[in-house]
Structures are given as C-alpha cells and as structure tokens.
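The structure under discussion appears below in the form of structure tokens.
The values are calculated or read from the model by the stated rules, or taken from the named source; none is laboratory data. The shown structure was predicted, so the numbers you read here are calculated from the model rather than taken from an experiment. Accessible surface is based on the protein model in full, side chains and every heavy atom, while ligands, DNA and RNA are left aside. Shrake-Rupley method; radii C 1.70, N 1.55, O 1.52, S 1.80 Å.
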Amino acid sequence: MTRRTPTTDVALIAGFAALIAVCAILPDIKTGVGIPYSLQTLGVLLTGAVLGPVRGFLSVMLYLAAGLVLPIYSGGASGVSHYSGVTAGYLVAFPLAATLCGYLVYRNRHNATQFTFVFTCGLLSSFLLVHTLGPLNLAWRADLSLKEAFSYDAAYFPGDIAKNVVMALVATAVHRAFPDLAARREK
C-alpha cells in the first residue's frame, strides 16, 4: 500500500464497521465471576488505532447506523431504543473513543508499532470516554447514584484492560505490516 485513495478509505471504513459488528455479536466471554465481557469495545478501539481519527469515527458511526436496523449491537440487538436506554452512554462514547484513540496513535504515528504506546492510547480513550459517558447515562437512566453507577462500571475494568492488550497487539502488528496505513492521503 503506497498511497491512500477514497476507494481504499471507504473499503477500510466498511470493513472495520463489519469487524465491530462481528465483535459485538460474538457470544459474551464468561469469566466465572458473574461479569460477561463482549468484544465490542475491542473492535471500536482497534478501529480507531488502525484507521486513525477520521476513518475510525466514520467506521464506528457506520456500525451504529447499521445497528439501528440490523441485529449487530452487543448480543445481537438492534434498534433506536438503545439510545434511550441504560447503555446509550456507551454507544455514544464509542465513536468518540475511536476518534481519540486514532488521534493519539496517528498524532504520534512514529510510535504506532510500539505496544505500550498503543495500549496506553486505547486504555486512555476507554477510561476517559467509555467509562465516563457510560456510567453517567447509567446513573441517569437507571436512577442510580453516580457512585453506584461508577461502581457497577468498575467491574468491567479488568476485561477492558485485557481487550486493550489484544487491541494493541493487533494494531501494532497491522502498523508493522502496513506502515503506509497511517500515511496522510495525497491530495
């Protein structure tokens, strides 16, 4: 891959939207401690880390739009009702987290092959956006105190840390294999 083209961008955006959908509809990972983990955030952050802020944002938005009519949200759900429910904050956070992760990775693209750097970008994006907007909406929609909502959300931290490890391993491998992926599109 030597240069970016609009056709390549569209293919990557659509392909990664499909990847997020697959991650979301795969069965939850059972941990044995009562907290099931979906791979949806893995797909979202991987999309940002690999595609960058603009393509990452567009890819997640395509996934969210498709989920309005297709059963591709976590657990095979779909529909606009998810934007007025207890998980709406997480859905709203996804494109923002992909954008922030992509921005951080692409802003320092010379570090895009460094595991620790990409892991930190993903974890920071997840904790600043997903684990903030999600519990804020949860507190509002489920009539919980902020402390209760953030305590509930904290149970997902170990899974998100593990997903960010996988995300960073895959993203750095992709950037090593395709160093021009992070290149700016020629005008």
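Cα centroids of segment 1-31 and segment 44-120: how far apart, whole angstrom?
A separation of 10 Å, based on Cα centres.
Per residue, what accessible area does segment 1-138 have, given a 1.4 Å probe and all protein chains present, in Å²?
Numbers: 6060 Å² over 138 residues.
I get 44 Å² per residue for this part.
Calculate what fraction, in whole %, of the accessible area of the chain sits on carbon and sulfur atoms when a 1.4 Å probe is rolled over the protein chains. Numbers along the way, then the final one.
Values: 6410 of 9240 Å².
Answer for the chain: carbon and sulfur cover 69 percent of the accessible area.
Out of Thr172, Thr87, Thr47, any idea which swings most in a Gaussian network model of the chain, alpha carbons joined below 10 Å?
Among Thr172, Thr87, Thr47, the largest GNM mean-square fluctuation belongs to Thr87.
With runs of 4+ DSSP H residues as the only contributors, calculate the mean residue ellipticity of the chain at 222 nm using -39,500 (n - 2.57) per run, divided by the residue total and rounded to the nearest 500. Display every interim value, and only then the final one.
Numbers: 8 runs with 118 residues, N = 187.
Here the helix-only value at 222 nm equals -20500 deg cm²/dmol.
At 1.4 Å probe size, put Lys30, Lys163 in order of accessible surface, largest to smallest.
Working: Lys30 155, Lys163 25 Å².
The ordering from most to least exposed comes out as Lys30, Lys163.
Explain nothing, just the number: relative contact order of the chain, from Cα pairs under 8 Å at least 6 residues apart, as a whole percent.
On the way: 302 pairs, mean separation 50.3, N = 187.
Normalised by residue count, the contact order of the chain is 27 percent.
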